[in-house]
Amino acid sequence: MSELRRLEEHRCFGGVQGVYEHDSRSTDCAMRFSVFAPEAARQGPVPVVYFLSGLTCTWENFTTKAGAQRVAAEHGLMLVVCDTSPRGVALPGEDDSYDFGSGAGFYVDATEAPWSRHYKMYSYVTDELPALVAEHFPADPTRQGIFGHSMGGHGALVIALRNPERYHSVSAFAPIVAPCAVPWGQKALAGYLGTDPAAWEQWDASLLCAVTDFRRPILIDQGLGDPFLAEQLRPELFERAAAARGIPVTVRRHEGYDHSYYFIATFVADHLQHHARALGR
């Protein structure tokens, strides 16, 4: 059994909100994540939904700011929130900027040194973390969904599109849908994967639409007051790519809403309902 260190646990809406740490083989460092186990989990395994956070965040932002536990408890959903990068690995330059390195793993498996030793967030999220959750918590791995915000929205879309047999629901708040075409993505992908744009394409949700077998409904919420909308997010690129392949996508645009957790908290209930429907709750 994999060792799991409990850092804190709290009763919450009839369930348990916990924070845990383990030594990750994917990232070769200690990783922390949070789990909300609803009261329904006392009766047996429940569907599990993973949330991927955005730049500069950890597991804590969504866990403490989104107000998701109440709705997850109502629907009998387990929520798992992981970190956004390896921590404390002392790579040169990892703390130099907010959009690369610490807090900015972009949910890819890096191939460029020195990042390739630790920055394996795709493998961590898709393989190691689900196995750990299934081992230690009453989660049903056959009913698994994923969602995220900004960089995490990019990660959620890419992971679902690349693994349609494993993820039965996906949604995103203000996602980076075309990292190959925007500054945030170009900086991160070049740093982690090298300067050949061909190596980036498997990490771009808009480009993956052309090759994926994923055909389940996708929900995206986007604030029209988001300062990153025009330059970094560009949801219209994903809309067009998905429509060309018949992938059902609903992009809801909201006047006045920005990129913050106030925006996420406003619409998180809709996202959890979206996942609950797809996962049979």
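So the values come out like this:
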quantity	calculated
Whichever residue in segment 26-74 is among the hydroxyl-bearing types (Ser, Thr, Tyr) and assigned to a helix (DSSP H, G or I) and, among such residues, is nearest to the chain's Cα centre (by Cα)	Thr63
Qualifying residues in segment 227-281 (those that are open to solvent by 60 Å² or more (accessible area, probe 1.4 Å) and among the polar types (S, T, N, Q)) - the one nearest to Ala73 (Cα to Cα)	Gln273
Residue list for segment 11-25, restricted to those being over 16 Å from Ser85 (Cα atoms) and assigned to a strand (DSSP E or B)	Arg11, Cys12, Gly15, Val16, Gln17, Gly18, Val19
Near pairs, Cβ below 7 angstrom, 6+ apart or cross-chain, from segment 208-223 (among the small types (Gly, Ala, Ser) and open to solvent by less than 10 Å² (accessible area, probe 1.4 Å)) to any residue that is modelled with pLDDT of 95 or more and in a loop (DSSP other than H, G, I, E, B)	Gly223/Ala174; Gly223/Tyr257; Gly223/Asp258; Gly223/His259
Selection status of Arg70, of a type in the set (D, E, K, R), more than 28 Å from Asp196 (Cβ to Cβ), open to solvent by 30 Å² or more (accessible area, probe 1.4 Å) and in contact with a Lys or Arg (Cβ under 9 Å, 6 or more places away or on another chain)	no
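A quick yes/no check of all residues on (1) more than 26 Å from Thr212 (Cβ to Cβ); (2) without any contact (Cβ under 8 Å) to a residue 60 or more places away in the chain; (3) assigned to a helix (DSSP H, G or I); (4) of a type in the set (A, V, I, L, M, F, W, C):
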| position | (1), (2), (3), (4) |
| --- | --- |
| Glu239 | no, yes, yes, no |
| Ala242 | no, yes, yes, yes |
| Val251 | no, yes, no, yes |
| Val268 | no, no, yes, yes |
| His274 | no, no, yes, no |
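Listed here are the residues, each with its yes/no results for (1) over 21 Å from Ser24 (Cα atoms); (2) open to solvent by less than 30 Å² (accessible area, probe 1.4 Å); (3) modelled with pLDDT of 95 or more.
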| site | (1), (2), (3) |
| --- | --- |
| Asp96 | yes, no, yes |
| Gly101 | no, yes, yes |
| Ser116 | no, no, yes |
| Val125 | no, yes, yes |
| Leu129 | no, yes, yes |
| Met151 | yes, yes, yes |
| His154 | yes, yes, yes |
| Ser169 | yes, yes, yes |
| Pro175 | yes, yes, yes |
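The values are calculated or read from the model by the stated rules, or taken from the named source; none is laboratory data. Only a predicted model underlies this, so the values are computations on that prediction, with no experimental measurement involved. Because the Cβ atoms are built from the backbone with ideal geometry, glycine has one as well, and the counts that use them run over all protein chains shown. To get the accessible areas, we keep the full protein, side chains included, count just its heavy atoms, and leave off ligands, DNA and RNA. Shrake-Rupley method; radii C 1.70, N 1.55, O 1.52, S 1.80 Å.
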